[in-house]
Amino acid sequence: RFMTGVATGITTQIAIQSIMNIAVNTNTIPVTGVSLPLISYGGSSLLFLMASVGLLLNISRYKKE
């Protein structure tokens, strides 16, 4: 149950970051400085995003149905 919550939170964070970046690029909302996940250049953002994706892959590998 805990891992399901962690996976949901990580997925939601990545989705919101993507939606915000797309909204900035279409001039729907003002510029916020949020980078596009896995594509935009950035050191610490990319590092933590890759760690989050690795955690998601680990959760999906050992998830019991």
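The values are calculated or read from the model by the stated rules, or taken from the named source; none is laboratory data. Keep in mind the model is a prediction, meaning the values are calculated, not measured. As a convention, Cβ positions derive from the backbone with ideal geometry for all residues, glycine included, and neighbour counts pool all protein chains shown. Surface accessibility is based on the protein's heavy atoms, side chains included, excluding ligands, DNA and RNA. Shrake-Rupley method; radii C 1.70, N 1.55, O 1.52, S 1.80 Å.
With a Cα-only, solvent-free Debye model of the chain, what are the log10 I(q)/I(0) values at q = 0.14, 0.22, 0.29 Å⁻¹?
-0.48, -0.91, -1.22
Considering the chain as a Gaussian network with a 10 Å cut-off on Cα pairs, which listed residue, Ile22, Ile39, Ile14, attains the greatest mean-square fluctuation?
Ile39
Share of the chain's accessible area from carbon and sulfur, percent, 1.4 Å?
Accessible surface attributable to carbon and sulfur in the chain totals 67 percent.
So which trypsin sites (Lys or Arg not before Pro) in the chain end up in coil per DSSP with only 16 or fewer other C-beta atoms within 10 Å?
Working: sites: Arg1, Arg61, Lys63, Lys64; in loops: Arg1, Lys63, Lys64.
Those that pass, being in a loop and sparsely packed, are Arg1, Lys63, Lys64.
Taking R0 as 30 Å, what FRET efficiency do you get between Thr28 and Thr8 from their Cβ-Cβ distance, rounded to the nearest 0.05?
Computed FRET efficiency for Thr28 and Thr8 comes out at 0.75.
Which of Leu36, Leu47, Leu55 moves the most in a Gaussian network model of the chain with Cα springs under 10 Å?
Leu47
Where only protein heavy atoms count, and the probe is 1.4 Å, what is the accessible area per residue for the chain in Å²?
I get 79 Å² per residue for this part.
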